[in-house]
Amino acid sequence: MAKRSKYIKCLKPCMMAFIAILCSASLAFATPLAALAEASKSAPTDVASAEVQYESAEAALEAAEEKLAAITAEYEELSGQVDELQAKIDELAGKVLEAQASMLEGRSVLSNTAVYEYRSSSMSTFLDSILGASSWKELSRNVEYVEKIMDQQSEEVEKQKELKDEFTQVSNQLTAQKNEQDEKLEVLNSKRSEAAAVVNEAAEYADESSEKLAELKEQAEQFIWKSEDPAPEISDDANTIERDDVISNNTPSVPDPSPSPSVGEYRTGVASAYGGSSDPGTPNPGITATGAICDDYSTGVAIPMSMPNYRSYFGRTVEIVYNGMTVYATVNDCGSMGGGSRALDLQPGVFKAFGYGDCYAWGIRTVKYRFL
């Protein structure tokens, strides 16, 4: 019993010390919790005080004017960058059209060579000339002749590879420049929304009849990039515009995918074909809206006259993507085009570049495209 009392006496100081620690801890935590509770009560007041409050309509309009000036500076800087990129795009578009023409010409040469080989059975003739040689001298001469022919064909194949590589390189550069411009255009066009928000904020304080508010509204409407060049006139000699559609409007599009959201400046639309010897309703050669020739080799496209401000697209390069292939063409014509249901009308040089021999073989197909 005496031993137990001794243990109890020893434990009392320890328990007292433990209780003291608990009390200190609770006091230490109580202060921050109280502070947090107080802060949470005052939070709505802080948020409310963060909103801009103007003492008068004049102060609101002055603030709006300053904000619009800053947006204008950003807008003008971006506009300059967009215009510089457009100049580079136009230069590269010219180069890619030249590279494409050279590549397609080389492809035609190779195709004609293959057809000649098939029709003439020249390899069999070469073998006969070698095996049928009557002397070593004749055999040596025939072998040398065959080697020259084979070397020439190899050079054509290698040249075509180089032309394709050049086209691919320029095409990639053009795509990169256009993608960069698309990004800047997206930011540039967002400036109009920013400007509208500034004006709407000022309008809450100013009278609708305020001349200053009217000026700010007019200024905000200008924040969207657009070409200042006047739309070109249609050539007086044009004879391809009033043409009939080669393929009936009831013909289904091949393929006919479900509508998909636009990616950047790319659009999805139906492309038909016209012009050249397979089109009975269009002069061959014909004269397009811009005065360019439309024949079996032309690489132009037409756009619908129902398209807003369609003449402003004349002369622009359009990138067309179909079945994993990319072909570039120049907008040089227009038409009714299925009552506006078709986005592009391809001339023979364009649908042949995709591998289709005539207007009927192309028919009506859904393509992806964008104007450069």
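The values are calculated or read from the model by the stated rules, or taken from the named source; none is laboratory data. Predicted model only: the values in this text are computed from it and were never measured. Backbone-built Cβ (ideal geometry, glycine too); neighbour counts: all protein chains shown. Ligands, DNA and RNA are stripped out before the accessible areas are found, and what is left, the full protein with its side chains, is counted by its heavy atoms. Shrake-Rupley method; radii C 1.70, N 1.55, O 1.52, S 1.80 Å.
What to note about this one:
- Here is the figure for region 175-196: residues that are in contact with a Lys or Arg (Cβ under 9 Å, 6 or more places away or on another chain) and among the aliphatic types (A, V, I, L, M) total 2.
- Restricted to region 342-361, and to residues there that are among the aromatic types (Phe, Trp, Tyr) and within 19 Å of Thr240 (Cα to Cα), the residue that is least open to solvent (accessible area, probe 1.4 Å) is Phe351.
- Count of region 238-248 residues which are touching a strand residue (DSSP E or B) at 6+ places or on another chain (Cβ under 9 Å) and at pLDDT below 90: 1
- Annotation note: of Ile303, Ile293, the sole residue that is open to solvent by 40 Å² or more (accessible area, probe 1.4 Å), of a type in the set (A, V, I, L, M), on the phi < 0 side of the Ramachandran plot and more than 16 Å from the chain's Cα centre (by Cα) is Ile293.
- When the strands (runs of 3 or more DSSP E) confined to region 256-372 are screened for residues that are of a type in the set (Val, Ile, Thr) and at pLDDT 90 or above, those reaching at least 2 such residues are found at 267-273, 300-304, 317-322, 325-335, 365-371.
- Of everything in region 198-237 that is at pLDDT 85 or above and not polar (S, T, N, Q), the residue that is least open to solvent (accessible area, probe 1.4 Å) is Ile234.
- Ile71 fulfils the conditions (1) among the hydrophobic types (A, V, I, L, M, F, W, C); (2) surrounded by fewer than 16 Cβ atoms within 10 Å (Cβ to Cβ); (3) closer than 30 Å to Glu201 by Cα except for a single criterion, (2).
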